[in-house]
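Working notes, beginning with the structure itself.
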Amino acid sequence: MSVILQVEHTTVYRYARPVAFGEHRVMFRPRSGYEVQVLDLSLDVSPAADIRWVQDVFSNAVTLITPHSPSDHLSIVVRFRIEHFGASSIESPLAPHAEIYPFAYSGEERIDLGGFLVPQHGDPDGRVTAWANLFIPSIGNIPTRRMLQDITETIRSDFAYVARDVEGTQTPTQTVTLRTGSCRDFALLMIEAVRRLGFAARFVSGYIYDPAVDGLAAVGGAVGAAVSGAVDDAVGRGGVVGGGATHAWVEVYVPGAGWLTFDPTNRLYGGTDLIRVAVTRDAFQAVPVQGSFTGRVGDYLGMDIDVKVSRLSNVVVPGI
């Protein structure tokens, strides 16, 4: 079965007087694939602007927006519909040699996976490494999928979610020490931990659908409404987190199954509720909107974000 999801994402920057704008880099187009098809998409910008589409080094769709004239506001409104077929990391079969941890990537895989294998953040006192090593059994081996699930579920159960109204991400060391964080913090911690265990992992930014916000009853643990922006997320009304800003999760590459989804904030392993927009090596590369303006100190008054994610219908699909 597939679902049709609709997203309307509005970002408005406000200024005390007209300012001149530089180029703005926007990431909002969902990544199409076997589990997601983009049905339609529109973009409205005020003031009028030149708009170009490019792909970044990770093949994410990036929109480059350059407003024509000064203005006391910059409004970017995105609307799109997707058909989401869903995919579960729990059900994906692994290559026989990768079913038990530890396993080895082939030489070709290691070349292609490149920076996704290498920790990107320092661990000066070894706290992240020590925390990651807790998931290695003292005797015997452990199924690979079980280890990744244990890490996901431990973050969900042992760390307290805290919404933050600032840009950026905590370091993994800070998250392990504080035992608190946002979805971006939890995703980055899991990525850096599994890389230290030998896995290739990447950061994922996007949206998450929340049946409660949409006025529907949550079914089978389906969670989270998403609001995307340059600030961090907030607790959604379904008892699940991810609403209020960009949601973030993790993908880990395991031979035989490919990139598997793990959302440590909500203990999700795929499905139709996560809408992937960007995959990157590090969190800073997945900022949804970034740009510049020329004006006086104090001209910037703030930013308003409003995102609505709704389910339009269920569609039975015989198979893909």
To make sure I understand, if each residue's beta carbon is the centre and we count other beta carbons within 10 Å, what order do His68, His121 fall in, fewest to most?
His68, His121
Can you sort Glu109, Glu35 by how many other beta carbons sit within 10 Å, fewest first?
Glu109, Glu35
Just to check I understand the Karplus step: with θ = phi - 60° and J = 6.51 cos²θ - 1.76 cosθ + 1.60, what whole-Hz values come out for the range 29-46, glycine and proline as x?
6, x, 7, 6, x, 5, 9, 9, 10, 7, 8, 7, 7, 9, 9, 10, 10, 9
Can you work out ³J(HN,Hα) from phi for every residue in the range 305-312, in order, using Karplus 6.51 cos²θ - 1.76 cosθ + 1.60 and θ = phi - 60°, giving whole Hz and x for Gly and Pro?
10, 9, 10, 10, 10, 9, 9, 8
So, with points 7 Å from each Cα along the Cβ direction, the Val162-Tyr34 label distance in nm works out to 4.1 nm
For helix 183-196, what angle does its Cα long axis make with the longest principal axis of the chain, in degrees from 0 to 90 and rounded to 10?
40 degrees
Given a Förster distance of 30 Å, the FRET efficiency implied by the Cβ-Cβ spacing of Met1 and Val62, rounded to the nearest 0.05, works out to 0.40
Before anything else, pin down the relative contact order of the range 149-212: Cα pairs under 8 Å, at least 6 apart, normalised by residue count, whole percent.
27 percent
Please state the shape class of the chain: rounded when a/c is under 1.5, otherwise prolate if a/b exceeds b/c and oblate if not, all from the C-alpha gyration tensor.
prolate
What is the fewest-to-most order of Ser75, Ser292 by other Cβ atoms lying within 10 Å of their Cβ?
Ser292, Ser75
Table column - 3J(HN,Hα) (Hz), the range 121-129, Karplus curve with 6.51, -1.76, 1.60, x for Gly and Pro:
10, x, 9, x, 9, x, 5, 5, 4
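Read the figures in this text as sums done on the coordinates, not as results from a lab. Just so it is clear, the structure is predicted and the values come from calculations on it, not from any experiment. Here the Cβ is made from the backbone with ideal geometry for all residues, glycine too, and neighbour counts use every protein chain on show.
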